[in-house]
Amino acid sequence: MGTYLRKQADYVVVGSGPGGATAARQLALGGKKVILLERGKDHRGKWYYGTHLGCLIYCDKMGMQMTEEGLQIVRGIMTGGSTNLFCGCASPPPAWLKNKYKVNVDSFVKQTIGELNIAPLARPLWGRATQRVQEAAGELGYEWEPQPKFTNVSRGEPFDCGASCMLGCRCGAKWTANEYVDEAVQAGCELLTGMTVKEVLVSNGKAEGVVAAVAGGKGVLRVEAPTVILAAGGIGSPVILQHSGLSEAGRGMTMDTTVMVCGESRNEGMHLDPPMAVSYCDDKNGYMLSTLIDPWLLYPLIHTLRGPRNPLRFLRYGRTMGIMIKLKDEISGGVNMEGKISKTLTEQDRWRLNHASNLARKILIRAGCKPDSVFVGPLRGTHPSGTVRIGDLLSTQLETPFKGLFVSDASCFPEALDRPTVLTLIALSKRLAKHLLSKDKPKAKPRAKTKSAPRKTTAKTKKKATGKTEQPAAAPSDSSPVED
Ligand SMILES: Cc1cc2nc3c(=O)[nH]c(=O)nc-3n(C[C@H](O)[C@H](O)[C@H](O)COP(=O)(O)OP(=O)(O)OC[C@H]3O[C@@H](n4cnc5c(N)ncnc54)[C@H](O)[C@@H]3O)c2cc1C
């Protein structure tokens, strides 16, 4: 039988992706006792980090997690979460987050852009194939913009950024949430890896801590804390919540469903170009396009799935160009308590996909791809999100119906973001940490009464005078704008 460990903290944070790493860092920097629990391990610095083999080790189900409908989902299970695999792209949140859902993270976005030097890569670094796509799109009347990046040339020695970035960055140019994990630990946060949180302890409608299984069946860990922040990602968090009594979690999800449109060029392909260096957003029709092709090992796999028409086509990987489509998909399907996922495309999603695929095809042909070589790849999900939505199960301050239980990861998006998520996630967690730290601040001492100071009679003081008990402050209302 395994051991039973017990710990206590001011805050317990579950999951060390961008949502959890940021929350843990900010709270630890604020002087709080924080325990950060992560299901995976830290694979950085290992010889296999950033290789195809590595990806099999730190991707959930070796990268082959599928929805019931056969959509492939990719997510990282290690410290830093899926930022180990991300393309390093940054986008500010869409305006609707502030205007429609009253969640204003503008100041945190601005602060993070400065702190992490987020900026587009200089044009000479894009690579020729990427430049050709941007030029071709422009000739057709579509202005593609340089994509701001978490990837910074000055950090990578030597800068070596191509399609393989999605296996894990080996040159160091790409920021990952691991850096915030490191900073949290330096500020005193206790990081425990190999801990799969199973449920939140709730008593009388209030969170009291979490229970986790220690990897390898080594026992159980119980962390007691008055505030719990779930950041186990769009799949992990709803599963934990369902096991904690919130059965509505996981009902419906968004995925920014992704499809690659690829073609064979007469010139050099895109595999050595930094991924997603330029992008195009069509907010009216609900999709985003970016330059990107898969790492090479996935390419023969995709061709095999397409049937035996041209089995040796993968040999032309070096001449392949690609455009990735991200759809603003509607809320559908969901995640059940066993972690099984369903994600259907609605009629509207299919229309969007067709619209975007047509445009991507036209641009690739204009950029020099042979028309009969252009194909649309299988459906993918790299942004599982929207499973515990703001305005539905979460208040604007990210609190669940259980007091002291917050969710700060991609689960909380109220709609598909249809663009890179990480900058928004960092900003949301910074805002949450600021809110929690301000609540914890000791109240200012009441001023000494002086005879000359006339005392104002307010509704509250009147109540006190009558001896009636004071009501607790109302929870943040979802309909009122919440300031930064
Ligand atoms: C190939 C790829 C490319 C991408 N490119 C970009 C990009 O360029 N820009 C961008 O902004 N976004 C990109 N994304 C998306 C982005 O990486 C994710 O949306 C983001 O990382 C989600 O953050 P999160 O904190 O919600 O969850 P995650 O990053 O998934 O982190 C969740 C963490 O929780 C841990 N966990 C899960 N369950 C438990 C549990 N029960 N107990 C304890 N720990 C648990 C996991 O191991 C993980 O570390 C990409 C994603 C992929 C896969």
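Computed from the coordinates by the stated procedures, all read-outs in this text should not be read as laboratory data. The shown structure was predicted, so the numbers you read here are calculated from the model rather than taken from an experiment. Don't worry about glycine lacking a Cβ; one is built from the backbone with ideal geometry, like all the others, and counts go over all protein chains shown.
Before anything else, pin down the relative contact order of segment 55-115: Cα pairs under 8 Å, at least 6 apart, normalised by residue count, whole percent.
Details: 40 pairs, mean separation 10.5, N = 61.
For segment 55-115, the relative contact order is 17 percent.
Spin-label point model (7 Å from Cα, Cβ direction): what's the residue 155 to residue 53 distance in nm?
2.6 nm
For the chain, what does -39500 (n - 2.57) per DSSP helix run (n ≥ 4), summed and divided by total residues, give at 222 nm, in deg cm²/dmol to the nearest 500?
Values: 11 runs with 119 residues, N = 484.
Counting only the DSSP helices, I get -7500 deg cm²/dmol.
How far is helix 106-115 tilted off the main Cα axis of the chain, in degrees rounded to 10, range 0 to 90?
For helix 106-115, the angle is close to 60 degrees.
Relative contact order for the chain: what is it in percent, counting Cα pairs under 8 Å that are at least 6 residues apart?
Working: 1123 pairs, mean separation 109.7, N = 484.
Relative contact order here is 23 percent.
Where the centre of each part is set by its Cα atoms, how far does segment 123-142 sit from segment 269-303, in angstrom?
Computed from Cα coordinates, the inter-centre distance equals 13 Å.
Helix 422-440 versus the longest principal axis of the chain: what is the Cα-based angle in degrees, 0 to 90, to the nearest 10?
With both axes taken from Cα atoms, the answer is about 10 degrees.
So what are the radius of gyration and Dmax for the Cα set of segment 3-438, in Å?
21.0, 67
Could you order peptides 257-268, 62-73, 6-17 by the average number of other Cβ atoms within 10 Å of their residues, highest first?
On the way: 257-268: 20.1, 62-73: 15.4, 6-17: 24.7.
Result, highest mean Cβ count within 10 Å first: 6-17, 257-268, 62-73.
Under a point spin-label approximation (7 Å from Cα along Cα-to-Cβ), what is the residue 267-residue 215 distance to one decimal in nm?
Using points 7 Å along Cα→Cβ, the separation is 4.6 nm.
If r is the Cβ-Cβ distance from residue 143 to residue 346 and R0 is 30 Å, what FRET efficiency results, to the nearest 0.05? Kindly include the intermediate steps, with their values, before the conclusion.
Values: r = 29 Å, r/R0 = 0.97.
Taking R0 as 30 Å, the efficiency between residue 143 and residue 346 is 0.55.
With contacts defined as alpha carbon pairs under 8 Å and 6 or more residues apart, what's the relative contact order of segment 277-393 in percent? Walk me through the numbers before you get to the answer.
Values: 103 pairs, mean separation 26.2, N = 117.
In percent, rounded to a whole number, it is 22.
What are the extents of the Cα atoms of segment 131-272 along their three principal axes, listed from largest to smallest and rounded to whole Å?
In descending order, the Cα extents are 64, 38, 27 Å.
Computed over the Cα atoms of segment 50-110, what is the convex hull's projected area averaged over all directions, in nm²? Walk me through the intermediate numbers first.
Values: hull surface 25.3 nm².
Average projection, Cα convex hull of segment 50-110: 6.3 nm².
Tell me, in nm to one decimal, what length is gained between residue 296 and residue 44 on full extension, where the rule is 0.36 nm per residue of separation less the Cα-Cα distance?
Here the answer is 88.5 nm.
Residue separation times 0.36 nm, minus the C-alpha to C-alpha distance between residue 282 and residue 117: what's the value?
On the way: separation 165, 0.36 × 165 = 59.40 nm, distance 2.62 nm.
The residue 282-residue 117 span can extend by a further 56.8 nm.
Kindly express, to the nearest 10 degrees and within the range 0 to 90, the angle between helix 128-139's C-alpha long axis and the longest C-alpha principal axis of the chain.
90 degrees
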